[in-house]
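J.: My questions will all concern the structure given below.
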Amino acid sequence: MKLEKKKSLLQRRRWRIRKKITGTAERPRLAVHFSNKHIYAQCIDDDQGHTMAYVSSVAKEGGLKANAEGATALGKQIAEKAKAAGIESVVFDRSGRRYHGCVKSFAEAAREGGLQF
C-alpha cells in the first residue's frame, strides 16, 4: 500500500512538471530517468515527437551503474551526443526527482560538457 502511494505521488509530480516543460527543435527537453540499476537520458523535441540524442547505462561498452559516478559519466556522454546533433541548450526535465545526488551529478556533468540549461 505504501509503495503504491509513493509511485502515484511521483507520477503526479511528473504530470505537473510536464504541463510546464516542453522541448522544441532549438531547445529540446533533456529528460532523465533513474531506475535502481540503470540511468536513461534523452533530448526530446516535443513539437515533432522525436528523440534527438539518447544515452543510457545499459550499453555494454559503458558498464556504468546507477550511482553518482555513473550519472557523471552519462552526463558527459549526453553532452557530447547533443553537441554532435547540433544542440547547444536544453530544458532539464528531472522527472519529479529532487535536484541532489545523482540528478545533480548528471546535470553538472552535462553543463561541463557544454550544454546550457
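Laboratory data are not the source of any read-out in this text; all were calculated from the coordinates shown. Note that the structure is predicted; figures quoted are calculated from it, not measured. Heads up, the Cβs are rebuilt from the backbone with ideal geometry, glycines too, and the neighbour counts pull from every protein chain shown.
J.: Note down the net charge around Ser95, summing +1 for each Lys or Arg and -1 for each Asp or Glu among other residues with Cβ under 10 Å from its Cβ.
T.: Taking every other residue near Ser95 into account, the sum is +4.
J.: For the chain, what is the relative contact order in percent, using Cα pairs closer than 8 Å and at least 6 residues apart in sequence?
T.: Here the relative contact order equals 26 percent.
J.: Assuming 0.36 nm per residue, please report the length gained on full extension of the stretch Gln116 to Val58 beyond their Cα-Cα distance.
T.: 18.3 nm
J.: When the chain is fully extended, how far beyond the present Cα-Cα distance does Ala84 get from Asp46, taking 0.36 nm per residue of separation?
T.: So the extension gain works out to 11.7 nm.
J.: Considering only DSSP beta bridges where both residues belong to the chain, give the percentage that are antiparallel (nearest 5).
T.: Counting DSSP beta bridges with both partners in the chain, the antiparallel share is about 75 percent.
J.: Report the charge-dipole magnitude of segment 2-112 in Debye, nearest 20, computed about the Cα centre from +1 at each Lys and Arg Cβ and -1 at each Asp and Glu Cβ.
T.: 940 debye
J.: Here's something else I'd like to know. Does the chain come out rounded, prolate or oblate, given a ≥ b ≥ c as the square roots of the eigenvalues of its C-alpha gyration tensor, rounded meaning a/c under 1.5 and, failing that, prolate meaning a/b above b/c?
T.: oblate
J.: Checking the table Lys19/Lys83; Lys19/Lys76; Lys7/Lys37 against a 21 Å threshold on Cα-Cα, which pairs fail?
T.: Lys19/Lys83; Lys19/Lys76
J.: So, one more: Helix-derived [θ] at 222 nm for the chain: sum -39500 (n - 2.57) over DSSP H runs of at least 4, divide by residue count, nearest 500?
T.: Taking each H run of at least 4 residues, the total per residue is -13500 deg cm²/dmol.
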